[in-house]
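Peer 1: A single structure is presented below for examination.
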Amino acid sequence: CDVGFYGVNCEEECGRCKDDLCSNDDGHCLDGCQIWFLGDLCKEEIALPSLDGSHAFLKRMNESAVAITWTQDPGIPDKHAEYYGYTVAYAEGSGDFTDGPSVPHDPALMTQTLIVANVHSHNEYRFEVKVYREMSTEREFGVKSNTVIIESSGSNHVTDHTNVFAANWELFAVGVCVFLIITAIVMIIVLRSRPKQGP
Ligand SMILES: *[C@@H]1O[C@H](CO)[C@@H](O)[C@H](O)[C@H]1NC(C)=O
């Protein structure tokens with residue numbers, strides 16, 4: 001068979017074998033899989049995860065700790081959960097982001113929360129959640145969540161600009177819908193109860 005093919009008439013395509021070492025007979029990889037691939041034939045991919053569009057939320061616990069909550073990547077298959085995890089990164093003021101605590105992906109949960117400690121209440125911090133895939137000590141990050149900001153607690157005031165905007169917009173949309181429905185009901189009642197005006 002040519003490199004990358006196996007089986008009767010060499011019609012089957014090999015998976016992602018390390019160094020293209022694929023058995024001509026049954027396609028199994030002689031020296032294991034390339035990184036991010038699994039299975040006898042190395043055809044199962046540990047795909048790069050993403051928190052694109054996922055909103056992280058923030059809650060101040062006390063003077064020195066903040067809780068960050070986010071929705072896990074729903075695209076991660078349960079059977080591959082062990083290869084994924086999350087890291088909360090934080091930046092003080094306008095500084096660079098530093099990786100904080102990490103937690104493995106948990107297929108039994110929708111959302112997860114991590115506590116970041118040593119957050120000084122008199123400074124502003126930004127937080128973001130990073131999702132990663134990890135295999136044989138190699139870790140690769142996918143698309144991050146939005147950034148949430150906590151302002152100094154001189155005003156003791158937690159702000160998340162994106163989420164505040166989203167929440168207000170949703171409230172407005174719900175309000176408009178309720179108004180339209182009530183208007184429609186009132187008009188139907190008025191039209192039906194109006195006595196027929198004969199000639
Ligand atoms: C703040 O909250 C964190 C998490 O709940 C806790 O571990 C820590 O001891 C608390 N610190 C203070 C000063 O209360």
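What follows draws every value from the coordinates through simple rules; no lab data is involved. Since we're looking at a predicted model, the values are computed, not measured. Neighbour counts run over all protein chains shown; Cβ positions are idealised from the backbone, glycine included.
Peer 1: Find the eigenvalues of the gyration tensor of the Cα atoms of the chain, then list the square roots of 5 times those eigenvalues as equivalent ellipsoid semi-axes, largest first, in whole angstrom.
Peer 2: After diagonalising the Cα gyration tensor, the semi-axes are 49, 33, 11 Å.
Peer 1: Ok, one more. Across 10 Å bins from 0, what is the distribution of all Cα-Cα pair distances for region 57-163, in whole percents?
Peer 2: With a bin width of 10 Å, the distribution comes to 14, 47, 28, 10, 1.
Peer 1: Considering lysine pairs in the chain that are 8 or more places apart or on different chains, how many have Cα atoms under 27 Å apart?
Peer 2: 10
Peer 1: While we're on this one: Over region 1-75, what lengths in whole Å, largest first, do the semi-axes of the equivalent ellipsoid take, defined as the square roots of 5 times the eigenvalues of the alpha-carbon gyration tensor?
Peer 2: Semi-axes (√(5λ), whole Å): 46, 12, 7.
Peer 1: Name the residue from Tyr83, Val148, Leu180 whose Cα lies farthest towards the positive end of the charge dipole of the chain, charges +1 on Cβ of Lys and Arg and -1 on Cβ of Asp and Glu.
Peer 2: Projecting each Cα onto the dipole axis, the largest value belongs to Leu180.
Peer 1: Taking a virtual spin label 7 Å from the Cα of Thr111 along the C-beta vector, which residues in region 32-67 bring their backbone nitrogen under 14 Å of it?
Peer 2: 54-60, 67
Peer 1: List the GluC sites (Glu not before Pro) within region 70-132 that DSSP assigns to loop and that have no more than 16 neighbouring Cβ atoms inside 10 Å.
Peer 2: Glu124
Peer 1: Over all directions, what mean area does the Cα convex hull of region 1-45 project, stated in square nanometres?
Peer 2: With every direction weighted equally, the projected area is 2.6 nm².
Peer 1: Relative to the first principal axis of the alpha-carbon coordinates of the chain, what is the inclination of helix 161-193, with its axis defined by its Cα atoms, in degrees from 0 to 90 and to the nearest 10?
Peer 2: Helix 161-193 sits roughly 50 degrees off the main axis of the chain.
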